[in-house]
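The values are calculated or read from the model by the stated rules, or taken from the named source; none is laboratory data. Everything quoted here is computed from the prediction, not taken from an experiment. With ideal geometry, Cβ positions are generated from the backbone for all residues, glycine too; neighbour counts draw on all protein chains shown. We work out accessible area using only protein heavy atoms, side chains counted, and drop any ligands, DNA or RNA first. Shrake-Rupley method; radii C 1.70, N 1.55, O 1.52, S 1.80 Å.
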Amino acid sequence: MQTQGKINLFNFGPAQLADFFVSIGEKPFRATQVMKWIYQLGVDDFAQMTNLSKALRQRLSETAEVRVPQMITEQRSSDGTIKMLLRLHDGNAIETVFIPESTRGTLCVSSQVGCVLNCSFCSTARQGFNRNLNTAEILGQVWWAAKTLGQFELEQSQRIVSNVVMMGMGEPLLNLSNVAPALQMMLADNGFGLSRRRVTVSTAGVVPAIAELKQQADVALAVSLHAVRDDLRDELVPINKKYPIKELLDACKSYVKDTARGRITFEYVMLDGVNDSIAEAKALVKLLKGIPSKINLIPFNPFPNSPYLCSSASTILQFQNILVNSGLTTMVRKTRGDDIDAACGQLAGRVQDRTRRSERLLQRVSGAV
Ligand code: SAH
């Protein structure tokens, strides 16, 4: 994305940034210097990058820029969760959520404006889809959060954003060409410097892109499984019709093959009377046999006109016990930030829907009243 012909350096991964400097006749190590300024010190003004020559700073300010989306609002939940709404240049807006915990700070990052996947229990799906985010808009979320939270004033070792999960709006593996350079910058020592295990991409199951992700950025993988049978998963996560459970799990096995201690996180939303029976818990154990995994049970977060209810606490516990007793690490995800609509599946942003899905749904709902 460019303003008045200027190149936005935020749109580059580490390798592309080095290529950019070479293309203007500079040494590739300039990329390392600039990365440190931007991602470790939070400096977005070339004039302040004092280890670059005056001439280079001048040249950069004429041809390039460091431009992130603009922050619109910041809402704080009573539990410390912070939801940030970022305005994009075209009028769309996306949401990013920071979740502080005692041992880590996790940032939940969006990859698209809306989503095309239409999962039946997700409110982002109701918003329809507008477009992919570019690399600057993805990285910009991490940068804004770091800035807002005061991270750039601290030593590298005192990271406030210690973990990134691509679990906000959108399907990251349908936008890998923009997501991969952003992930590479999150991992780069001179970028955000996060460890591979602390950056997670979550997918609803875009099978061919899973192997591609491993090649481009070997980060932790989470898979939104949610059902143990294809007929039910077809309904909850419609991309399953294209890439059914067996193919998805095969791709997961290949993803962690040869990775020491690598595990896949399986997300499983708890829907009352839909996917939460004892038989399904047992089937899940069988299904995941042979795949190094951990399971995240997610209590369903309701949203207006959502067709499901959350399983009861005792059902969730019972489901968890079956998994745990079979040796599977299983956590129940704490619902965070629900008082500000920042919980899983509640992120909506402001999507100028191109698919007209939101309009059709509205008609259906109002017609039914
Ligand atoms: N498209 C990717 C990234 C989104 S991650 C994916 O599907 O994995 C968001 C996570 O929240 C997914 O596991 C999703 O299934 C889950 N989720 C969506 N709506 C939810 C809701 N209403 N309640 C709880 N979890 C939800």
Which ones in the range 240-267 are in contact with a Gly (Cβ under 6 Å, 6 or more places away or on another chain) and open to solvent by less than 20 Å² (accessible area, probe 1.4 Å)? 248, 256
Tally time: how many residues in the range 283-305 are free of Cβ contacts under 8 Å to residues at least 12 places away in the same chain and under 17 Å from residue 257 (Cα atoms)? 1
Right, residue 199: open to solvent by less than 20 Å² (accessible area, probe 1.4 Å) and under 15 Å from residue 104 (Cβ atoms) or not? yes
Only residues that are away from the ligand (no atom under 12 Å from the Cβ) and of a type in the set (A, V, I, L, M, F, W, C): list them for the range 193-209, please. 194, 199, 207
Return yes or no: is residue 335 at negative phi and open to solvent by 50 Å² or more (accessible area, probe 1.4 Å)? yes
Against the definition (in the same structural domain as residue 150 (by TED's automatic domain parsing), in contact (Cβ under 8 Å) with a residue 24 or more places away in the chain and more than 20 Å from the chain's Cα centre (by Cα)), how does residue 79 come out, yes or no? yes
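Yes or no, residue by residue, for (1) acidic (Asp, Glu); (2) at pLDDT 95 or above; (3) under 25 Å from residue 269 (Cβ atoms); (4) crowded, with 24+ Cβ neighbours inside 10 Å:
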position: 83; (1), (2), (3), (4): no, no, yes, no
position: 89; (1), (2), (3), (4): no, no, no, no
position: 96; (1), (2), (3), (4): no, no, yes, yes
position: 118; (1), (2), (3), (4): no, no, yes, no
position: 123; (1), (2), (3), (4): no, no, yes, no
position: 132; (1), (2), (3), (4): no, yes, yes, no
position: 135; (1), (2), (3), (4): no, yes, no, yes
position: 144; (1), (2), (3), (4): no, no, no, no
Determine, yes or no, whether residue 113 is of a type outside the set (Phe, Trp, Tyr), in the same structural domain as residue 158 (by TED's automatic domain parsing) and touching a residue at least 60 places away in the same chain (Cβ under 8 Å). yes
Restricting to the range 165-187, give me the number of residues that are in contact (Cβ under 8 Å) with a residue 60 or more places away in the chain, touching a helix residue (DSSP H, G or I) at 6+ places or on another chain (Cβ under 6 Å) and open to solvent by less than 20 Å² (accessible area, probe 1.4 Å). 7
Is there a residue in the range 120-140 that is of a type in the set (Phe, Trp, Tyr) and either without any contact (Cβ under 8 Å) to a residue 60 or more places away in the chain or within 11 Å of the ligand (Cβ to nearest atom) (or both)? yes
Is there a residue being among the charged types (D, E, K, R) and either in a helix (DSSP H, G or I) or more than 16 Å from the ligand (Cβ to nearest atom) (or both) anywhere in the range 160-177? no
Quick check on my filter: what residues within the range 306-336 are of a type in the set (Ser, Thr, Tyr) and touching a residue at least 12 places away in the same chain (Cβ under 8 Å)? 306, 308, 311, 312, 315, 326, 329, 330, 335
Give the residue that is least open to solvent (accessible area, probe 1.4 Å), with candidates limited to residues of the range 5-24 that are of a type in the set (Val, Ile, Thr) and within 17 Å of residue 65 (Cβ to Cβ). 24
Just give me the residues in the range 31-78 being within 18 Å of residue 136 (Cα to Cα), open to solvent by less than 80 Å² (accessible area, probe 1.4 Å) and either in a loop (DSSP other than H, G, I, E, B) or among the acidic types (Asp, Glu) (or both), in sequence order. 42, 43, 44, 45, 65, 66, 67, 68, 69
